[in-house]
Amino acid sequence: MTEPLIELKSISKSFGSHKVLDNVDLTIYREEALGIIGPSGTGKSTILRVIAGLLAPDEGEIYIQGVRREGLIEDSGQSLGIGMVFQQAALFDSLTVEENVGFLLYQNSKLPRSRIRDLVKEKLEMVGLPGIGDLYPAELSGGMRKRVSFARAIMSNPDNPKEGAEVLLYDEPTAGLDPIASTVIEDLIRCLQSTHAVCSTYAVVTHQDSTIRRTTDKLIFLYEGKVQWQGTVDEIYTTENPSIKQFISGSVQGPIQVLG
């Protein structure tokens, strides 16, 4: 059996008295496209932040390429690069697209500005947005902002390739987008994995059926802080699991409690 690239064992996380993750196990293997699904407020974004090392669990163990990670990402010194694409793109409004995409290199590398600009141009072309480096986020559509955030997430320093992201974590990448813009983003996720061979391993949190079908191969279903089901994309449409059937159909009748 291939060793997991990332492994979470018995992870729990609470915010105040609310237990968001409750003894969760999760594995991600190299070149895997994992989907994390479930109702709102069940810990999907939290588990991404735990994987990324942005949030420390209260209990449990995290292994990166077989080595246990202690604390947050800045404390660990781990060699595996993990990039995160946030739900709201999280771009700096006061910076141009070029400055946003090249931000880490401008801040942390010794590369000349001309070289960074060339790398930014390359990444923008990769996500289908050539020639927009001088624009500001406010001048972009929602779908364009998402793609700029993809370009930033895959940016790496050619002088230190180990700093580049080998795993991408997408938090609701198609949320708030119309069906056509969603398709563009879904195609881009797969294109970055296959055609460009950039970050061939990823996990995506999503509610959207098209994103589940078009970007994932394996799925885990989170509800009430626990992994209630896992399987392939095909199996999710044929399973008799009542929670999955309710979630996929959007029914208000079933074991999942409807808030409000």
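What follows draws every value from the coordinates through simple rules; no lab data is involved. Predicted, not measured: the structure shown is a model, and the values here were computed from it. Cβ placement follows ideal geometry from the backbone for every residue including glycine, while neighbour counts extend to all protein chains displayed.
Look at where the Cα atoms of region 224-238 and of region 20-49 average out, and the two centres are 11 Å apart. The phi-based Karplus calculation (6.51 cos²θ - 1.76 cosθ + 1.60; θ = phi - 60°) puts the 3J(HN,Hα) values of region 208-216 at 7, 4, 5, 5, 4, 5, 9, 10, 10 Hz, whole numbers, x for Gly and Pro.
Calculated on the Cα set of region 93-164, radius of gyration then Dmax: 11.4, 33 Å.
For the chain, lysine pairs with C-alpha atoms less than 16 angstrom apart, excluding pairs fewer than eight positions apart on the same chain, total 10.
A simple rule links phi to the HN-Hα coupling: the Karplus curve 6.51 cos²θ - 1.76 cosθ + 1.60 with θ = phi - 60°, which for region 184-191 gives 4, 5, 4, 4, 5, 4, 5, 5 Hz, with x for Gly and Pro.
Out of region 64-144, which trypsin sites (Lys or Arg not before Pro) are coil in DSSP terms and have no more than 13 other C-beta atoms within 10 Å? Filter output for region 64-144: K110. Backbone amide hydrogens, once placed in the peptide plane, bring K19 within less than 5 Å of nothing, excluding anything fewer than 5 places away on its chain. How high is the relative contact order of region 93-164? Use alpha-carbon pairs under 8 Å, at least six apart in sequence, and give a whole percent. Computed value for region 93-164: 40 percent relative contact order. Looking at region 41-115, the GluC sites (Glu not before Pro) that sit in a DSSP loop and have at most 15 other Cβ atoms within 10 Å of their own Cβ are E70.
For the chain, the Kirkwood radius over C-alpha pairs fed into Stokes-Einstein at 10 °C and 1.306 mPa s yields D = 83 µm² per second.
Using each residue's phi in region 169-182, evaluate 6.51 cos²θ - 1.76 cosθ + 1.60 at θ = phi - 60° and report the 3J(HN,Hα) Karplus result to the nearest Hz, with x for Gly and Pro. Rounded to whole hertz, the list is 10, 9, 9, 6, x, 10, 4, x, 9, 6, x, 5, 4, 4. Taking all Cα pairs closer than 8 Å and separated by 6 or more residues, the relative contact order of the chain comes to 24 percent. Between amide H atoms placed 1.01 Å from N, distances below 5 Å from V204 occur with L34, G35, I36, Y170, all of them 5 or more places distant or on a separate chain.
Sorted ascending by nearby beta carbons within 10 Å, beginning with the fewest, V258, V50 become V258, V50. Normalising by the residue count of region 144-260, find the relative contact order in percent from Cα pairs under 8 Å and 6+ residues apart. After rounding, I find 17 percent.
Coordinate range of the alpha-carbon atoms in region 179-260 per principal axis, descending: 42, 25, 23 Å.
The chymotrypsin sites (Phe, Trp or Tyr not before Pro) of region 59-141 that meet both conditions, a loop assignment by DSSP and at most 13 other Cβ atoms within 10 Å of the site Cβ, are F92.
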